[in-house]
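**Q** Handing you a structure now.
The values are calculated or read from the model by the stated rules, or taken from the named source; none is laboratory data. Here the structure is a predicted model, which means the values were calculated and not measured. Every residue, glycine among them, receives a Cβ derived from its backbone with ideal geometry; neighbour counts consider all protein chains shown. For the accessible areas, the whole protein counts, side chains as well, though only heavy atoms, and no ligand, DNA or RNA atoms are used. Shrake-Rupley method; radii C 1.70, N 1.55, O 1.52, S 1.80 Å.
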Amino acid sequence: MSFEPKILGFLCNWCSYAGADLAGVSRIQYPPNIRVIRVMCSGRVDPEFIIQGFQTGIDGIIVMGCHPGDCHYLEGNYEAEMKFMMVEKFLKFIDFDTRVRLEWVSASEGNRFAEVVTDFTNSIKKLGPSPVNGAKPDRALLDKLNAILLAIGSYRMRALVGRERMITEHENVYGDKVSLEKFNDIFDKAIHDEYLRHRILISLGNDSKSVKDLAIELEIDPSHILEHILILKGRSQVAMDKIVGIAPLYVNTMEG
């Protein structure tokens, strides 16, 4: 039996959903794999929705909105693009970035809607089923998805996504303006750091561990683990549990 992927689509009310409606009325053929969630604006698609979709075993997720410059809410699709870029960068850590896509489809583009859905469905078919789908999901991958979900919802990531234009297009009180290149460097580092910190938190939620234990489990240099532990201690998210031999064991203080 050939693999038929489960595709989830977030479509904006004013353009892409209307385009899907036009494709249906016009009887334009496209794969029936997509299940649609209508949102008022593509900018309303919270990154957490996408990760939660993958946690349930969805094979591919596509977000569709109005073309740039045509957003019903002026800048909603710009916000969608920023959020999607962040999601894509996080999903690269687990090789899921090819399972998501962002497309612009107008209300008059019924043919384009069908073409986009057909192309995306075919690309997911080539990738095969999601490793977290089925009776025996990949538990390690589920933990990584959970780390991404928590990292994406952190204040740091939401602040960077929400303030990108203000930071790069306007001067601060000292008359300085951050270049887009510098902002992207900061953004990429924040994504990397928050992902690793939340993987540490999830691991320490299971049982207390030493820096060495975490370094072996996460395959990260112990010195980097220690740096993250110190930052998490400063946030009151981890604390020393006990000392075994000469090694302190740390525990997640946020669990429960």
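**Q** Just wondering, is there one or more residues in segment 116-124 that are aromatic (Phe, Trp, Tyr), part of a helix (DSSP H, G or I) and either open to solvent by 60 Å² or more (accessible area, probe 1.4 Å) or touching a Pro at 6+ places or on another chain (Cβ under 7 Å) (or both)?
**A** no
**Q** Can you name every residue in segment 214-234 that is under 17 Å from Asp143 (Cβ atoms), without any contact (Cβ under 8 Å) to a residue 12 or more places away in the chain and of a type in the set (Asp, Glu)?
**A** The one that is under 17 Å from Asp143 (Cβ atoms), without any contact (Cβ under 8 Å) to a residue 12 or more places away in the chain and of a type in the set (Asp, Glu): Glu219.
**Q** Name the residue, out of Ile220, Ile191, Ile202, that is more than 18 Å from the chain's Cα centre (by Cα) and closer than 18 Å to Phe93 by Cβ.
**A** It is Ile220.
**Q** Further question: Within segment 197-252, can you find the residues that are open to solvent by 40 Å² or more (accessible area, probe 1.4 Å) and either among the aromatic types (Phe, Trp, Tyr) or closer than 18 Å to Tyr155 by Cα (or both)?
**A** Correct list: Arg199, Ile231, Lys233, Gly234, Arg235, Ser236.
**Q** Could you figure out which of (1) at pLDDT below 95; (2) within 27 Å of Val161 (Cα to Cα) isn't true of Asp207?
**A** Answer for Asp207: the failing condition is (2).
**Q** Among the residues of segment 75-115, write down those that are in a loop (DSSP other than H, G, I, E, B), open to solvent by less than 60 Å² (accessible area, probe 1.4 Å) and under 27 Å from Glu4 (Cβ atoms).
**A** If the condition is that a residue be in a loop (DSSP other than H, G, I, E, B), open to solvent by less than 60 Å² (accessible area, probe 1.4 Å) and under 27 Å from Glu4 (Cβ atoms), then Phe96, Val105, Glu109 are the ones that fit.
**Q** When segment 235-245 is examined, which residues are found to be over 24 Å from the mean Cα position of the chain (by Cα) and either touching a residue at least 12 places away in the same chain (Cβ under 8 Å) or more than 17 Å from Ile202 (Cα to Cα) (or both)?
**A** Selection gives Ser236, Val238, Ala239, Asp241, Lys242, Ile243, Val244, Gly245.
**Q** Say we look at segment 59-118 and pick out the residues that are in contact (Cβ under 8 Å) with a residue 24 or more places away in the chain and among the basic types (Lys, Arg); which of these is farthest from Ile191 (Cα to Cα)?
**A** Restricting to residues being in contact (Cβ under 8 Å) with a residue 24 or more places away in the chain and among the basic types (Lys, Arg), the top hit is Arg112.
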